Structures are given as structure tokens and as C-alpha cells.
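Encoded as C-alpha cells, the structure appears first; notes follow it.
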Amino acid sequence: MKRLILITAFIFLCITLLKSWHYTSLYGGVDLRMRIVGARLTEAGKSPYFHKWSPADGERLLFPSPRYERRVNGNVVTPAFSYLLIPYSRLGYSTIRYSWTIFQYLVLVSCFVLLMRGVRDKSKMLVPASVCFFGLVTSDIWLYNIERGQVYVIYAFVFCILFRVYQKGSERMKFFAGMLCGLMIFLRPFFAVVAVPFFVNREKKWMTGWLAGLVLGVLVFVLPDVAIWKEYFAAMQVYAAELMRTDTALENFATPVFPSSIEGMDNVAEYRGFKAGGMNVVSAYLYSLGVRMRPVHGILLYMAIVAGLCFFYLRNLGRQTVAAHPVLFAFLLYILAEICMVAPRGGYNLIQWILPVCLLSYVNAGKNWMQAALILGLLLLHDFPFQIKFGHDAGEAMLVLVLVYTLFSNYFPATGGLSTPAERKLSTAAPDNSPIE
């Protein structure tokens, strides 16, 4: 059985690699192009969010958007992300396009390496890793990330780092994990909610690191140019207004004639449509019912959900938890933030489920119905065995429900499974037989 799984995984991996290279060659990676142009605009002292290209700018600053009636130019990453991309953006775009695909695969492999390194009996991670691999990687979910040149696998990698560091139990490493999460807020503001479980658990080293990361981020990313952050938040308000259908397009605009070849490439504006997707944002569901949700309503809804989850988290799990508890709870709050906020959400976001899917399959190995629910959710995301209305929504909703049930059902054993070394040393009720180092 093990050999069959490995052979099948190898075949599927080869197919996925070939498709990835095909999409990288055929399409221009429109999301990657926008981020690169945003970094170049930042370095040039132009607005990375509102600047509209003209022939005088040159082709290196050209993002061939057909929607010049918008007040924004399509860039959604934070100024901190643009700062980090500036050295990379100085390369030619053809080099960037291919190297980014390689980089995405290196990050993806690193996710699985982090998950496997702490496992004593590798065979017990074969099924969970296979569920994750076949459910998320050898699919349009991953190929969507490759074709668009997306960044979400980086966020998945951060959660893998957070789990591995927290699971190791080192106080010094907890400090650096907290600092990493503090800095990640400046790259993706949703990471602010990741701190909640660690504050609830009174992880002092982690909290200290998180606060240090915040201070460092302000000093490095914000204070040098406060004005660009004001532009960023102004642009986010425009995107929210577009989502609510309340934004007014520009009345006087002119779409310039774009050159047929941009930086030696004739496919920069080309992209492929994918059916991959998960849950939509709450505001989109309400809008389909004729209800218009404002950003403040999304924030209030989310705060209410967080308060309720924290209440049950403390009541059911207590403050002494195993390594998987706070990390998976952090991911739950993170993904719910994506769903509750009035902001666009793409199908490529689903790749962020790498860590939760793998761990949920692992800890629920003894519950067949939970494994079935997890796999059914993944199958619905792939329209298998056939496409149904709201199938993708139901698929990710099932993943969320499995995550919630696992967190609040006391299913994690107190001294086994995913506990930290310190917690296993404290246990005298049973010998240390945890499969996790």
C-alpha cells in the first residue's frame, strides 16, 4: 500500500510539474506582474496603488490592465511587501516569471519538510501527507497559484514554521516565532489575529517576540514613509467599495495603447481561467440576498465570533494546551478573518490549508467519520464526482467545521500526538510514546 501511494504521488507530481512549467511559459503571471510593477513604482517614488501607466513611464512600469476606469491600478499588497520585492523587481520580468515558479515550489517543499521533520515514525504521516498532497497540491488550487504567480504558499509556510517552532518547545524559538508573526502583520494585516491564542495562553516569550516584531516593523516599514501606508489603506477602501458595488468609476479616463511586447514577452497580459475556489466572503453572500454589508459590520461580526470562540477555547481546552491547539486556533481565526472582512478573496487562498489539512488528518486518524468529512470537503473543492452549486463553498465550510470540531472536542491527547517536549516531560501518567519529536 505504501509503495502504491508513493508511486501514484510521484506520477501526479510529475504531471503537476509539467503543467506548472506549461502555465509559466504560456501565461504572464498577471498577479506577479502587478506586484513587481508596484515594487518598481515604489522605488520610482510613484504611487503603487493609484498610478496609471502612460507611454512616458516605459515598459518596466507597465501593467496592461484593461480597466482604466477604476480609481486603483490593481495592486493589493502592502508597502512592506513592495519594499521587500524592490531588489527582485530590478531583474528582467522573464527571469522573474520563471524564478518565481521555482521559488514557489521550494517554499512548498519546505512546508512538507517542516511537517515531516518532527515525526518519529514517518509511516504514520504518510496518509495525512497524502491527503494534503492530493487534495491541495496536485490540483487546480496549486496550479492557480503557479499561473498567477501568487504568494499564498508563503503564508502557508509561515504557519508551518510557527507550528514546528512552537512544537519544539524552545523558549528562545518561541520569541523568534512571535517576532516573525509580528512582522508578518506588515506583509499581510490578517496575521494580526494570529496573536490571539498565544495571548490567551499567556505565552510570555511569544508575546514579547510579537511586540518586538511590531516595533521593528513600525521602525523599518512604516516610519520611513507614512504617506504610502495612507495610500494603501485608501486603496483598500476603494476595493471594499467595489465589492459592495458602491464605488464610482472614473468618468474621464483614457486607456493607452499597450505595446504588443513588454520586456521581451508577448504574454504578460495573458491568463487562464480556473474553477478553483472555496468560501466567498460574507458580504458577497449577503449581497446576493439584497443586503449590503459595510466594512464596519464585517469587523463587528468578526469580533463577536472571536469572542465566542475564545470563550469556548478557554472553557474546553484550558490554558495548558498541546502544540497544535494554539497554532490551529490561530489559523481558524486567520481564515475566518478572510471570510468576514469586506475584501476580495480568491480561490488560490486555499493553498494556505496545507498545515491544517495535514494535522487534521493526522490527529483524526482514529475517527473514520472525521477523515471522511475531511476528504469529502477536499473532493467538493475539486467538483468530484460532479460539479454542484455552491460545492466549493460547502467544501471549504466542511474543512472549517472539521477544524472547529477537532479544536473544541478535546480530541487531542494531553501527552501524545502533537505535544511539546516540555509537556511530555511533565506527564507521569503514561510513558512518552508520542510520534512527534
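The values are calculated or read from the model by the stated rules, or taken from the named source; none is laboratory data. As the structure is a prediction and not an experimental result, all values here were calculated from the model. Positions of Cβ are backbone-derived with ideal geometry, glycine not excepted, and every protein chain shown enters the neighbour counts.
Condition first: under 26 Å from the mean Cα position of the chain (by Cα), assigned to a helix (DSSP H, G or I) and among the charged types (D, E, K, R). Can you find one or more residues in the stretch 240-252 that meet it?
yes
Against the condition part of a loop (DSSP other than H, G, I, E, B) and touching a helix residue (DSSP H, G or I) at 6+ places or on another chain (Cβ under 9 Å), how does PHE274 come out, does it pass? I'd like the intermediate steps shown before the answer.
Working: part of a loop (DSSP other than H, G, I, E, B): yes; touching a helix residue (DSSP H, G or I) at 6+ places or on another chain (Cβ under 9 Å): yes.
So PHE274 fits the description; yes.
Quick one: which residue in TRP229, TRP210 is under 16 Å from SER82 (Cβ atoms) and among the aromatic types (Phe, Trp, Tyr)?
On the way: TRP210 fails: under 16 Å from SER82 (Cβ atoms).
The unique qualifying residue is TRP229.
Report yes if TYR405 is modelled with pLDDT under 85 and either surrounded by fewer than 17 Cβ atoms within 10 Å (Cβ to Cβ) or touching a Leu at 6+ places or on another chain (Cβ under 8 Å) (or both), otherwise no.
Numbers: modelled with pLDDT under 85: no; either surrounded by fewer than 17 Cβ atoms within 10 Å (Cβ to Cβ) or touching a Leu at 6+ places or on another chain (Cβ under 8 Å) (or both): yes.
No: the conditions fail for TYR405.
With respect to the numbered conditions (1) free of Cβ contacts under 8 Å to residues at least 60 places away in the same chain; (2) surrounded by 17 or more Cβ atoms within 10 Å (Cβ to Cβ); (3) over 30 Å from PHE163 (Cα atoms); (4) hydrophobic (A, V, I, L, M, F, W, C), which one is the sole condition not fulfilled by MET207?
(3)
Are any residues in the stretch 278-317 hydrophobic (A, V, I, L, M, F, W, C) and touching a Lys or Arg at 6+ places or on another chain (Cβ under 7 Å), and if so, which ones? Steps first, answer last, please.
Here is the first cut: in the stretch 278-317, the residues hydrophobic (A, V, I, L, M, F, W, C) are 279, 281-282, 284, 286, 289, 291, 293, 296, 299-301, 303-307, 309-312, 314, 317.
Scanning the stretch 278-317 gives a single hit, VAL281.
So if I check each of LEU85, LEU106, LEU91, which one is of a type in the set (A, V, I, L, M, F, W, C), on the phi < 0 side of the Ramachandran plot and touching a helix residue (DSSP H, G or I) at 6+ places or on another chain (Cβ under 7 Å)? Don't jump to the end; show me each part of the working.
Working: LEU106 fails: touching a helix residue (DSSP H, G or I) at 6+ places or on another chain (Cβ under 7 Å); LEU91 fails: touching a helix residue (DSSP H, G or I) at 6+ places or on another chain (Cβ under 7 Å).
The match here is LEU85.
What number of residues within the stretch 270-285 are modelled with pLDDT under 90 and of a type in the set (A, V, I, L, M)?
2
For the stretch 223-236, which positions are touching a helix residue (DSSP H, G or I) at 6+ places or on another chain (Cβ under 9 Å) and loosely packed, with under 15 Cβ neighbours inside 10 Å?
Within the stretch 223-236, PRO224, ASP225 meet the criteria.
For residues that are exposed (fewer than 11 other Cβ atoms within 10 Å of the Cβ) and at pLDDT 95 or above, tally how many sit in the stretch 16-58.
In the first step, residues of the stretch 16-58 are kept if they are exposed (fewer than 11 other Cβ atoms within 10 Å of the Cβ); the result is 18, 45, 56.
From what's left, at pLDDT 95 or above: 18.
Count: 1.
Return yes or no: is GLN167 among the polar types (S, T, N, Q) and either within 26 Å of ARG315 (Cα to Cα) or surrounded by 17 or more Cβ atoms within 10 Å (Cβ to Cβ) (or both)?
Working: among the polar types (S, T, N, Q): yes; either within 26 Å of ARG315 (Cα to Cα) or surrounded by 17 or more Cβ atoms within 10 Å (Cβ to Cβ) (or both): yes.
Yes; evaluated as a whole, the condition is true for this residue.
Taking ARG164, is it modelled with pLDDT of 85 or more and basic (Lys, Arg)?
Values: modelled with pLDDT of 85 or more: yes; basic (Lys, Arg): yes.
So ARG164 fits the description; yes.
Name, by its number, the condition in (1) surrounded by 14 or more Cβ atoms within 10 Å (Cβ to Cβ); (2) in a helix (DSSP H, G or I); (3) β-branched (Val, Ile, Thr) that does not hold for THR95.
(1)
What about LEU350, is it within 22 Å of MET34 (Cβ to Cβ), buried (at least 16 other Cβ atoms within 10 Å of the Cβ) and out of contact with any Lys or Arg (no Cβ under 9 Å at 6 or more places or on another chain)? Spell out the reasoning first.
On the way: within 22 Å of MET34 (Cβ to Cβ): yes; buried (at least 16 other Cβ atoms within 10 Å of the Cβ): yes; out of contact with any Lys or Arg (no Cβ under 9 Å at 6 or more places or on another chain): yes.
Judged against the criteria, LEU350 is a match.
Among the residues in the stretch 113-120, are any of a type outside the set (A, V, I, L, M, F, W, C) and over 30 Å from ALA365 (Cα atoms)?
Of the stretch 113-120, the ones of a type outside the set (A, V, I, L, M, F, W, C) are 117-118, 120.
Right, trim to over 30 Å from ALA365 (Cα atoms) and you get none.
No - not one qualifying residue is present in the stretch 113-120.
Which one is farthest from PHE134 (Cα to Cα) among residues in the stretch 356-386 that are of a type in the set (S, T, N, Q) and either touching a residue at least 40 places away in the same chain (Cβ under 8 Å) or touching a helix residue (DSSP H, G or I) at 6+ places or on another chain (Cβ under 9 Å) (or both)? Explain how you work it out, then say what you get.
Just the residues of the stretch 356-386 that are of a type in the set (S, T, N, Q), to begin with: 361, 364, 368, 371.
From what's left, either touching a residue at least 40 places away in the same chain (Cβ under 8 Å) or touching a helix residue (DSSP H, G or I) at 6+ places or on another chain (Cβ under 9 Å) (or both): 361, 364, 371.
Values: SER361: 13, ASN364: 18, GLN371: 14 Å.
Per the stated criteria, the residue is ASN364.
Hey, any hits in the stretch 322-330 for a residue that's over 12 Å from VAL193 (Cβ atoms), outside any helix (DSSP H, G or I) and modelled with pLDDT under 85? Don't jump to the end; show me each part of the working.
Going residue by residue through the stretch 322-330, those that are over 12 Å from VAL193 (Cβ atoms) are 322-328.
The next check asks that each one be outside any helix (DSSP H, G or I); those that pass are 322-323.
Filter once more, so that each one left must be modelled with pLDDT under 85: 322-323.
Yes; the residues of the stretch 322-330 include at least one that is over 12 Å from VAL193 (Cβ atoms), outside any helix (DSSP H, G or I) and modelled with pLDDT under 85.
Counting only residues that are polar (S, T, N, Q) and part of a helix (DSSP H, G or I), which one in the stretch 75-92 is farthest from SER47 (Cα to Cα)? Break it down into steps so the answer makes sense when it comes.
Within the stretch 75-92, the subset polar (S, T, N, Q) is 75, 78, 82, 89.
Cutting the leftovers down to part of a helix (DSSP H, G or I) gives us 82, 89.
Numbers: SER82: 11, SER89: 16 Å.
Once the filter is applied, the top-ranked residue is SER89.
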